[in-house]
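The values are calculated or read from the model by the stated rules, or taken from the named source; none is laboratory data. Bear in mind that the values here come from a model prediction, so they are computed numbers and not experimental data. Please note: Cβ atoms are built from the backbone with ideal geometry, for glycine as well, and neighbour counts cover all protein chains shown. Calculation scope for accessible area: heavy atoms of the full protein, side chains included, ligands and nucleic acids excluded. Shrake-Rupley method; radii C 1.70, N 1.55, O 1.52, S 1.80 Å.
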Amino acid sequence: MKIGLLGGTFDPIHNGHLAIAKTALKRLGLDQVWFIPSLKTPLKDRELTPFELRVIMMEKALRPYRKMKLCLIEKDLPTPSYTITTVKTLKKQYPDDEFVWIIGDDQYANLDQWKAVDELRRLVQFAVFSRQGIAVKQPGFQYVENFSHPASSTAVRQGAFKDVPKAVRQVMLETGLYVEEIAKAYCHPRRYQHCVTMSALAVELAKAHGANPRKAYVAGMLHDLAKGLDEETARGWIEVYWPHARDQAWKIWHQYIGATWLKTRLYLYDQEILEAVAWHTTGEGKSDLAKIIYIADKIDPGRGYDITRQKAVCLQDLDQGFRLIQQEQKAYLRKEGLNV
């Protein structure tokens with residue numbers, strides 16, 4: 001068989017990876033494409049999502065495709081994952097098969113940094129997928145030019161969930177994957193730090209009162225995604241999705257917009273999380289999770305004032321703590337002249 005090898009971190013796998021595989025099968029005359037996730041890669045400077053979780057997402061993404069396979073060979077190889085080691089091992093295990101290693105523009109440009117690249121080129125053929133075409137072509141390479149797909153793992157980790165299969169999206173939402181990167185992408189550094197500290201308190205409150213800690217974490221990290229919108233942009237969202245709130249103070253609108261953003265951009269349909277985000281400023285949510293997010297937002301330990309009394313009450317009795325914080329917050333809003 002003639003097999004295409006597509007290696008990478010797949011953190012996460014996305015529709016662009018699948019598009020490459022589909023094109024490779026047609027344009028390169030391949031019998032199969034094998035996806036090879038790296039356990040650890042020498043050219044990445046960030047911490048990867050756990051290997052097992054990346055594999056679960058890949059299994060779900062590849063399930064519909066008969067000619068696309070998951071190859072876990074690097075799981076048992078030394079780390080970091082060098083392509084030369086992977087290829088040598090594959091050729092020993094499958095001596096009768098022909099392999100084509102599939103790379104993109106960026107990898108092609110940095111190929112001289114790969115370990116034992118000259119030996120590697122003798123062992124396997126390279127197929128280069130290029131967005132705009134290759135200025136300088138080399139003998140021994142296959143080129144698939146003018147190939148472009150908008151998806152990227154970085155963009156997905158920052159909230160472009162539309163670019164992954166539905167089954168992969170479900171895993172990300174169920175595990176709370178990438179919520180920190182999404183919050184960091186959309187929030188000012190100080191606002192992001194608020195999300196970190198208040199979500200930690202939300203998780204603590206959830207554990208104390210039998211609520212779902214994962215949901216508390218997700219809602220806490222993502223509750224302020226729309227906080228940085230200017231009034232004109234925020235008004236556009238409100239006019240379309242929350243017209244009944246147009247007469248409220250515009251600085252409150254981010255709670256409604258945030259819930260809508262989670263639903264329309266992340267495809268998050270968990271009603272508990274959506275309610276908690278939608279009412280985290282005004283405290284009108286009825287679920288325990290909504291109360292927890294409201295409380296954690298108001299007495300976030302990162303705000304810098306003494307919350308010992310309020311936190312003790314909230315940990316002891318959620319409803320009593322909620323009423324206490326609600327009374328204090330309403331008094332504050334009246335003082336600030338905000339219409340809620």
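Filter segment 155-178 for residues that are acidic (Asp, Glu) and within 19 Å of Glu272 (Cβ to Cβ) and give the result. Correct list: Glu174 only.
Every residue in segment 4-48 that is surrounded by fewer than 20 Cβ atoms within 10 Å (Cβ to Cβ), of a type outside the set (D, E, K, R) and part of a loop (DSSP other than H, G, I, E, B), please. Leu28, Gly29, Leu39, Thr41, Pro42, Leu43, Leu48, listed by residue number.
Going through segment 88-124 one residue at a time, which ones are polar (S, T, N, Q), surrounded by fewer than 14 Cβ atoms within 10 Å (Cβ to Cβ) and modelled with pLDDT of 95 or more? Within segment 88-124, Gln93 is the sole residue that qualifies.
I'd like the full set of residues that are modelled with pLDDT under 95, in contact with a helix residue (DSSP H, G or I) (Cβ under 9 Å, 6 or more places away or on another chain) and among the charged types (D, E, K, R), limited to segment 1-45. Within segment 1-45, just Lys40 meets the criteria.
Summed over segment 267-297, the residues that are open to solvent by less than 20 Å² (accessible area, probe 1.4 Å) and either among the small types (Gly, Ala, Ser) or in a helix (DSSP H, G or I) (or both) give a count of 15.
Close Cβ contacts (under 7 Å, 6 or more residues apart or on different chains) running from residues in segment 6-27 that are within 14 Å of Val128 (Cα to Cα) to residues that are charged (D, E, K, R) and open to solvent by 20 Å² or more (accessible area, probe 1.4 Å) comprise Leu25/Lys67. Residues in segment 9-40 that are out of contact with any Gly (no Cβ under 8 Å at 6 or more places or on another chain) and of a type in the set (Ser, Thr, Tyr): Thr9, Thr23. Taking each residue of segment 263-288 that is at positive phi and looking for partners that are surrounded by 19 or more Cβ atoms within 10 Å (Cβ to Cβ) with beta-carbon atoms closer than 6 Å, six or more apart or interchain, yields Tyr267/Phe161; Tyr267/Arg169; Gly283/Tyr294. Taken over segment 207-224, the criterion of being without any contact (Cβ under 8 Å) to a residue 60 or more places away in the chain and either farther than 21 Å from Ser287 by Cα or among the basic types (Lys, Arg) (or both) is satisfied by Lys207, Arg214. Annotation note: Cβ proximity below 9 Å between a residue of segment 174-193 that is under 23 Å from Asp230 (Cβ atoms) and a residue that is open to solvent by 100 Å² or more (accessible area, probe 1.4 Å) and not aliphatic (A, V, I, L, M) (sequence gap 6+ or interchain) occurs for Tyr192/Lys184; Tyr192/Tyr186. Taking Glu52, is it closer than 22 Å to Phe99 by Cα, assigned to a helix (DSSP H, G or I) and open to solvent by 40 Å² or more (accessible area, probe 1.4 Å)? Here the answer is no, as Glu52 does not meet what is asked. Lys251 falls short on exactly one of the conditions (1) assigned to a helix (DSSP H, G or I); (2) open to solvent by less than 60 Å² (accessible area, probe 1.4 Å); (3) not hydrophobic (A, V, I, L, M, F, W, C), and that condition is (2). For segment 298-310, residues that are within 26 Å of the chain's Cα centre (by Cα) and crowded, with 21+ Cβ neighbours inside 10 Å total 1.
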